[in-house]
Amino acid sequence: MSANKERLEAILRERGIARQAKLAQWEYFEVHGEPGWRYPTFDATGRYCAAMRWKAANGQSKHKYLWLSGNESDRPTFYLLPGTLQAIAGADGLLHIATGEVDVLTLRSAHITNCLSWYGEMNVPQALTDALKALGVKKAIYYPDLDEPGLQAALKVVHRLAEGDIPLEVRLLPGRLIAKRGETGFDLNALWQSCRFDEGTFRAALDSAEAKTEQQLRDILAIIAREAKPAPIPDQVEEVERRVRAEIARRLVKRGDRPDVYECPMPHGPEGKDFYFSLEGPIGGCQGKHAGQLTRWRDLAEYLNIDVSAIARQVHQEAKAAESTDHKKPPQQQKGRVAVVSATDAMAHVLRLTTGEETIQAQPFPAPYKPLRRFGGLVGMWQPRMLIYVIGPSGMGKTAFLETTQDGLRQMGLDFLMWGPEWSPDMYAMRLIAAYGGPTVNEQRLDHLWRKEETLGIPADKRHGKPLTEDQRKLAISVAQRTLQWPGNGYYLDAAGISFDHLLEEADRKLFELRVGQGRRVVAFYLDYIQKIKRGGDNWAELEITLGRFWQFCVDNDLVGIVASQVNKGTAARVRRGELLDEAAGQALSDQQGNVVITLNPVWVDGQRKEEGVIRVVKHSLGPAPVRIKVNTRLNRHRWGEMVLADVEKDRLDDELAAEERPVNLVPWLD
């Protein structure tokens with residue numbers, strides 16, 4: 001945490017607002033593992049409001065801003081700091097309006113204290129004129145960000161103040177106007193940095209910034225609309241959003257004759273409030289006490305009980321049907337999955353990645369189980385489109401190893417798909433509770449049976465179940481609630497006798513629903529106990545073909561594929577005698593398809609399994625193999641070592657290993 005805190009302090013220094021942030025009581029604070037700043041809000045008199053605010057340090061975070069405390073009624077209209085009212089009076093009623101909290105700190109860093117912002121540039125207060133008059137404002141200057149949302153917000157400010165008697169100047173900063181959607185435009189803090197934090201240069205730039213009329217702002221937006229090059233969006237994604245927005249418009253109640261103005265669907269008084277909604281553009285949302293809420297189409301659809309997933313499935317099915325009837329077209333017109341890329345094009349692309357002109361599409365991520373990171377390469381940094389084999393004896397930690405990595409993914413905010421024929425989703429949940437110190441799976445099952453027998457009226461002395469103690473129940477609830485806070489999620493394909501074709505079809509449908517309908521980041525697909533997948537036969541060749549198709553599915557969908565395999569009983573017996581599994585140990589499974597092959601080897605002494613095991617990498621496309629480490633295991637929970645980001649026992653190398661056997665610098669062990 002200290003490293004993150006130092007990094008965030010450095011960000012404030014780089015932006016030239018560290019001193020003002022400290023005065024405004026900004027402090028390091030994490031929300032769901034995301035680093036950012038927490039800070040208080042104030043009313044016009046300088047008194048603390050009950051509502052606390054949080055800003056993410058990473059602009060790509062799921063939530064860029066959050067309210068941390070207080071009710072909606074506690075949230076102030078403006079972000080302003082103590083002394084603002086006096087500064088406006090001292091400037092003869094002149095107010096500088098910024099687009100956000102960071103820009104307020106920027107203006108104050110240049111000793112311009114007669115400034116404020118509201119919470120989100122598009123959330124322009126409905127009764128803006130009256131609110132500013134209450135602060136003694138006689139004239140306002142607004143500095144929009146130099147991008148499409150910034151100019152759209154500027155038009156809203158113009159409209160809000162048009163009928164009042166507070167003159168407004170919208171001044172465009174001397175920076176580059178961003179036409180490309182998705183990029184952040186030049187703003188007050190960017191100007192402050194370009195002036196090297198020199199107050200005189202910064203003020204001169206503000207004074208010379210050219211004021212624009214409403215028509216001039218519209219003309220600039222028209223130019224942006226013509227020149228903008230939107231990021232490529234899959235046709236199905238675009239169609240899902242179009243249909244959902246159309247359904248939203250049907251469910252909202254129109255308000256007046258003005259375009260894009262509806263009644264706010266959230267509860268208000270008898271007069272209601274305006275709600276700005278566009279079929280294509282940004283959603284302005286409520287202009288009353290709910291400002292800033294339901295401004296994303298997915299959130300608004302959920303509030304209106306619109307089933308986005310059903311719409312996404314329908315679009316996906318229509319697209320598949322269209323592809324199936326497309327066979328009559330000439331081959332060159334059919335869509336295929338084969339791309340031909342020249343060597344020079346590939347090198348040019350890598351060069352652009354190296355220079356920062358482009359970024360990769362499929363994002364790698366650290367292995368979601370810390371001991372694996374010691375191996376480096378594809379084991380330590382998981383890469384979409386790779387295939388990992390996990391081989392272990394039955395009942396000796398194989399599924400638990402998979403679950404451990406799944407816990408790590410969820411705690412990092414990532415999602416996964418999982419097919420495992422041996423356990424139900426409820427059983428996986430009970431195993432998770434047991435893994436984090438709650439009652440054992442059997443204790444939970446007996447408690448569930450006790451409660452069922454209770455509902456059936458069976459006398460207590462004749463029941464087969466057994467209730468949890470009060471302490472056990474509290475612990476189980478606490479563990480369950482803690483895991484429910486993890487930002488990532490897992491999705492179990494709950495079917496034991498499913499055919500492989502059907503499995504991939506259902507996985508494809510769910511993947512589309514999650515990514516398109518809900519915006520989830522699904523990164524991995526697990527197959528546990530691959531031998532139980534329904535096939536036409538049990539021969540080695542067919543299983544290899546099945547795995548080849550699974551790998552192709554992961555390639556087509558930018559997923560990491562993880563396949564777990566059992567060993568036969570004879571091999572399991574050799575593990576009990578101290579032998580380590582190799583790449584040929586999996587039943588009817590070769591290592592031809594996988595990029596990485598990992599074997600799990602519990603340690604046995606005198607016929608008893610110890611709470612430790614050896615993780616052995618026997619194939620590694622980007623690193624040495626074989627190589628191994630010993631880790632702690634907890635037999636009573638079937639867990640392996642440390643969870644990523646979890647407050648549990650640290651992974652370590654076994655102290656009993658001889659010094660020459662330690663995998664220093666990942667030198668492979670010679671067997």
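The values are calculated or read from the model by the stated rules, or taken from the named source; none is laboratory data. Since this is a predicted model, take the numbers as computed values, not measurements. Quick reminder, even Gly has a Cβ in these numbers, built from the backbone with ideal geometry, and neighbours come from all protein chains shown.
A few comments on the model shown:
- The criterion of at least 1 residues that are touching a residue at least 24 places away in the same chain (Cβ under 8 Å) and within 30 Å of V560 (Cβ to Cβ) is met, among helices (runs of 4 or more DSSP H) falling completely within region 439-521, by 470-484, 500-512.
- Region 409-422, residues that are in contact with a helix residue (DSSP H, G or I) (Cβ under 7 Å, 6 or more places away or on another chain), among the hydrophobic types (A, V, I, L, M, F, W, C) and at pLDDT below 90: W419
Condition check ((1) under 28 Å from the mean Cα position of the chain (by Cα); (2) within 24 Å of T295 (Cβ to Cβ)) across all residues:
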| site | (1), (2) |
| --- | --- |
| A21 | yes, no |
| A44 | no, no |
| A50 | no, yes |
| H63 | yes, yes |
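- The conditions of being closer than 30 Å to R509 by Cα, at pLDDT 90 or above and in contact with a helix residue (DSSP H, G or I) (Cβ under 6 Å, 6 or more places away or on another chain) are not met by G465.
- Taking the criterion of being part of a helix (DSSP H, G or I) and either at pLDDT below 55 or touching a Leu at 6+ places or on another chain (Cβ under 9 Å) (or both), the residues of region 313-349 that qualify are D326, H327, K328, P331, Q332, Q333.
- Members of region 521-539 found to be modelled with pLDDT under 85 and over 16 Å from Y389 (Cα atoms), listed by number: K534, R535, G536, G537, D538, N539
- Total residues in region 603-624, condition crowded, with 22+ Cβ neighbours inside 10 Å and out of contact with any Leu (no Cβ under 7 Å at 6 or more places or on another chain): 2
- The one condition from (1) farther than 16 Å from I223 by Cβ; (2) without any contact (Cβ under 8 Å) to a residue 40 or more places away in the chain that L135 does not meet is (2).
- Test: D494 is surrounded by 18 or more Cβ atoms within 10 Å (Cβ to Cβ), modelled with pLDDT of 75 or more, touching a Ser or Thr at 6+ places or on another chain (Cβ under 9 Å) and not hydrophobic (A, V, I, L, M, F, W, C): no
- Within region 8-60, restricting attention to residues that are part of a strand (DSSP E or B) and free of Cβ contacts under 8 Å to residues at least 24 places away in the same chain, the residue that is surrounded by the most Cβ atoms within 10 Å (Cβ to Cβ) is M52.
- Of all residues in region 115-170 being in a strand (DSSP E or B) and of a type in the set (A, V, I, L, M, F, W, C), the one that is farthest from E101 (Cα to Cα): L168
- Residues (within 30 Å of the chain's Cα centre (by Cα) and either surrounded by 23 or more Cβ atoms within 10 Å (Cβ to Cβ) or part of a helix (DSSP H, G or I) (or both)) located in region 88-114: A98, T99, E101, V102, D103, V104, L105, T106
- Scoring F553 on the criteria (1) of a type in the set (F, W, Y); (2) at pLDDT 75 or above; (3) buried (at least 21 other Cβ atoms within 10 Å of the Cβ) leaves a single failure, condition (3).
- Any chance T201 is at pLDDT 85 or above, more than 24 Å from P282 (Cα to Cα) and β-branched (V, I, T): yes
- If the condition is being hydrophobic (A, V, I, L, M, F, W, C), over 10 Å from I166 (Cβ atoms) and crowded, with 21+ Cβ neighbours inside 10 Å, then region 115-141 contributes C115, L116, W118, V124.
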